[in-house]
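The values are calculated or read from the model by the stated rules, or taken from the named source; none is laboratory data. Bear in mind that the values here come from a model prediction, so they are computed numbers and not experimental data. Don't worry about glycine lacking a Cβ; one is built from the backbone with ideal geometry, like all the others, and counts go over all protein chains shown.
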Amino acid sequence: MTTQTAGSGALRVPLTQTQVDAADRLQAGLPGWKLYEGILRDLSDRFPSNCDLAHVLPKAITLNKLYATGILAIQQMAGHIVAVSTSASDHSSPGFADRIALLTDLGPKRKTMNCLSFASKYCHFFVDASRFAILDTFAKDALMLHLGKGAVKASSYVAYLETVDRLIAAAGLTCSYAQLDHYLWLRGQHMRFLQHGERADINKEVRPLFGQPDAECRGLIEQAFGPQP
């Protein structure tokens, strides 16, 4: 197995800034996700407070819908975000996302839900994108590719962000969390597509990107993920 040593550790599968840049360009070419991210930026500008339910609720509902985060008790989550934001002294620490993720008092059958993916996305889009990387299944799969399965910690957001930072340091990357998020999200889906083909459970807009890419996209895919079969 080839390893890459840089920064503070070794990578199971090498990663370069050039790969991240190519994936970032691929992501920018997806009109649906470009639209979604634009909507969320507009919401953040229009409703900047995280301590006012009238500001938080439209952001939480839209994020939950567009990114399919599966929060059924979204109104309760919005109220929870307001409570956490009002009481927290530091909104920029990764522990803030962990507090948002832990939704309690959901009733006798399910008293607690740990909504790490939703919390990471909420903090990324509506708190500070430069401090909060997005956690999702595809990103975790890509992290395990580069760092090894046992090295990826996602039991808490604090642990997850430490894992992301370890990858950045080991690969010597200079990208933002947002750019790395794009790489990890696409890489995780590319891995599934290679394994399952058209049956892969991946984003509908990404599927034709991998299945029937034009010449420009094929070149970017090869830059980001290596030669295609």
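The listed residues are 95, 70, and the only one of them that is part of a loop (DSSP other than H, G, I, E, B) and either more than 19 Å from residue 49 (Cβ to Cβ) or acidic (Asp, Glu) (or both) turns out to be 70. Beta carbons closer than 8 Å, at least 6 apart along the sequence or on distinct chains, pair a first residue in region 183-197 that is on the phi < 0 side of the Ramachandran plot and surrounded by fewer than 24 Cβ atoms within 10 Å (Cβ to Cβ) with a second that is at pLDDT below 95 and of a type in the set (Lys, Arg) for 193/207. Residues in region 31-71 that are among the basic types (Lys, Arg) and under 19 Å from the mean Cα position of the chain (by Cα): 34, 41, 59, 65. Is one or more of the residues making up region 134-147 at pLDDT 95 or above, crowded, with 21+ Cβ neighbours inside 10 Å and more than 19 Å from residue 15 (Cβ to Cβ)? No, the conditions are met nowhere in region 134-147.
Of these, 146, 196, 182, 190, which one is in the same structural domain as residue 21 (by TED's automatic domain parsing) and either closer than 30 Å to residue 52 by Cα or under 14 Å from the mean Cα position of the chain (by Cα) (or both)? None of the other options fit; the residue is 182.
I'm checking my understanding of the structure. Among residues of region 149-164 that are surrounded by 15 or more Cβ atoms within 10 Å (Cβ to Cβ) and of a type outside the set (A, V, I, L, M), which one is nearest to residue 10 (Cα to Cα)? Among them, the one singled out is 163. With respect to (1) outside the structural domain of residue 10 (by TED's automatic domain parsing); (2) among the basic types (Lys, Arg); (3) farther than 20 Å from residue 47 by Cβ, the lone exception for residue 140 is condition (1).
Can you find even one residue in region 2-19 that is assigned to a helix (DSSP H, G or I), at pLDDT below 95 and not small (Gly, Ala, Ser)? No, region 2-19 has no match at all.
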